[in-house]
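Worksheet: the structure to be examined is printed underneath.
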Amino acid sequence: MNSGNSSGLVSAGRILIALYFLLPGLMKFAAADQQLELMQHHGLPYAAFLLLIAGIANVGGAFLLLVNRYVRLTALGFVLYILVINFFLHDFWNFEGLEAAHETQNFFKNLGILAGLLALAGASPWRRLSLKGLARSDAKAS
């Protein structure tokens with residue numbers, strides 16, 4: 001990873017992206033009924049199970065980003081997550097009017113987050129996944 005001023009910028013970006021996933025992840029548990037309704041509105045099968053998996057992924061991934069562990073792997077995992085979410089939950093092509101506009105906005109907003117995740121992954125070291133590795137931050141492992 002770069003040293004100097006850019007490492008502070010990468011850290012700030014990492015923390016902000018972590019918060020972007022943490023708060024909605026917590027809401028998947030705190031307001032599960034609302035989330036399930038949205039998923040069912042988009043015709044997702046197994047919505048309750050998928051909501052649980054999404055909540056765990058959001059909170060767990062956000063935690064890893066916050067504590068600077070396995071950042072590249074987590075960021076790339078979130079890239080895949082966003083692609084799936086965009087295709088199934090922000091399917092603007094299936095709607096009209098205000099709802100289509102709202103889903104289009106969320107779809108393209110998510111592409112911006114995806115771009116930030118790709119940049120974060122590119123600025124972070126690759127690490128082998130291991131339980132022992134959870135004790136060391138990515139900064140110390142590189």
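The values are calculated or read from the model by the stated rules, or taken from the named source; none is laboratory data. It should be emphasised that the depicted structure is a prediction, and the values quoted were computed from it without experimental measurement. Note: ideal-geometry Cβ built from the backbone for every residue, glycine included; neighbour counts use all protein chains shown.
Give Leu50, Leu80, Leu98, Leu89 a once-over and let me know the one that is modelled with pLDDT under 95 and either surrounded by fewer than 16 Cβ atoms within 10 Å (Cβ to Cβ) or more than 25 Å from Lys140 (Cα to Cα) (or both). Don't jump to the end; show me each part of the working.
Values: Leu50 fails: modelled with pLDDT under 95; Leu80 fails: modelled with pLDDT under 95; Leu98 fails: modelled with pLDDT under 95.
Exactly one of Leu50, Leu80, Leu98, Leu89 is modelled with pLDDT under 95 and either surrounded by fewer than 16 Cβ atoms within 10 Å (Cβ to Cβ) or more than 25 Å from Lys140 (Cα to Cα) (or both), namely Leu89.
Could you list, ordered by first residue, the pairs with Cβ atoms under 7 Å in which the first is in the stretch 131-142 and under 13 Å from Leu65 (Cβ atoms) and surrounded by 11 or more Cβ atoms within 10 Å (Cβ to Cβ) and the second is of a type in the set (Gly, Ala, Ser) and modelled with pLDDT of 75 or more, at least 6 apart or interchain?
Within 7 Å, the pairs are Asp138/Ser124.
Anything in the stretch 33-63 that is touching a residue at least 40 places away in the same chain (Cβ under 8 Å), of a type in the set (A, V, I, L, M) and under 19 Å from Leu129 (Cβ atoms)? List them, or say none. Steps first, please.
First, the residues of the stretch 33-63 that are touching a residue at least 40 places away in the same chain (Cβ under 8 Å): 38-39, 42, 44, 61-63.
From what's left, of a type in the set (A, V, I, L, M): 38-39, 44, 62.
Within the stretch 33-63, just Ala62 meets the criteria.
Kindly establish whether Tyr70 is aromatic (Phe, Trp, Tyr) and either crowded, with 16+ Cβ neighbours inside 10 Å or within 20 Å of Ser124 (Cα to Cα) (or both). Spell out how you get there, then give the answer.
On the way: aromatic (Phe, Trp, Tyr): yes; either crowded, with 16+ Cβ neighbours inside 10 Å or within 20 Å of Ser124 (Cα to Cα) (or both): yes.
Against the criterion (aromatic (Phe, Trp, Tyr) and either crowded, with 16+ Cβ neighbours inside 10 Å or within 20 Å of Ser124 (Cα to Cα) (or both)), Tyr70 qualifies.
If you check every pair at least six apart or on different chains, which have Cβ atoms under 6 Å apart with a residue in the stretch 14-32 that is of a type in the set (Lys, Arg) first and a residue that is surrounded by 13 or more Cβ atoms within 10 Å (Cβ to Cβ) second?
The qualifying pairs are Arg14/Leu65; Arg14/Leu120; Lys28/Gln35; Lys28/Leu51; Lys28/Ala54; Lys28/Gly55.
Based on what the data block shows, is Ala18 within 22 Å of Ala139 (Cα to Cα), of a type in the set (A, V, I, L, M) and under 17 Å from the mean Cα position of the chain (by Cα)? Lay out the reasoning, then the answer.
Working: within 22 Å of Ala139 (Cα to Cα): yes; of a type in the set (A, V, I, L, M): yes; under 17 Å from the mean Cα position of the chain (by Cα): yes.
For Ala18, the condition - within 22 Å of Ala139 (Cα to Cα), of a type in the set (A, V, I, L, M) and under 17 Å from the mean Cα position of the chain (by Cα) - is met.
To keep it simple, each residue is scored yes or no on (1) part of a loop (DSSP other than H, G, I, E, B); (2) over 11 Å from the mean Cα position of the chain (by Cα); (3) of a type in the set (Gly, Ala, Ser).
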| position | (1), (2), (3) |
| --- | --- |
| Ile53 | no, yes, no |
| Ala62 | no, no, yes |
| Leu83 | no, no, no |
| Phe87 | no, yes, no |
| Ile113 | no, no, no |
| Leu117 | no, no, no |
| Arg127 | yes, yes, no |
| Ala139 | no, yes, yes |
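Condition test on Ala121, is it crowded, with 17+ Cβ neighbours inside 10 Å, in contact (Cβ under 8 Å) with a residue 40 or more places away in the chain and in contact with a helix residue (DSSP H, G or I) (Cβ under 9 Å, 6 or more places away or on another chain)?
In short, yes.
Taking the conditions exactly as written (closer than 15 Å to Phe21 by Cβ and not in a helix (DSSP H, G or I)), does Arg69 satisfy them or not? It would help to see each step written out before you state the result.
Working: closer than 15 Å to Phe21 by Cβ: yes; not in a helix (DSSP H, G or I): yes.
In short, yes.
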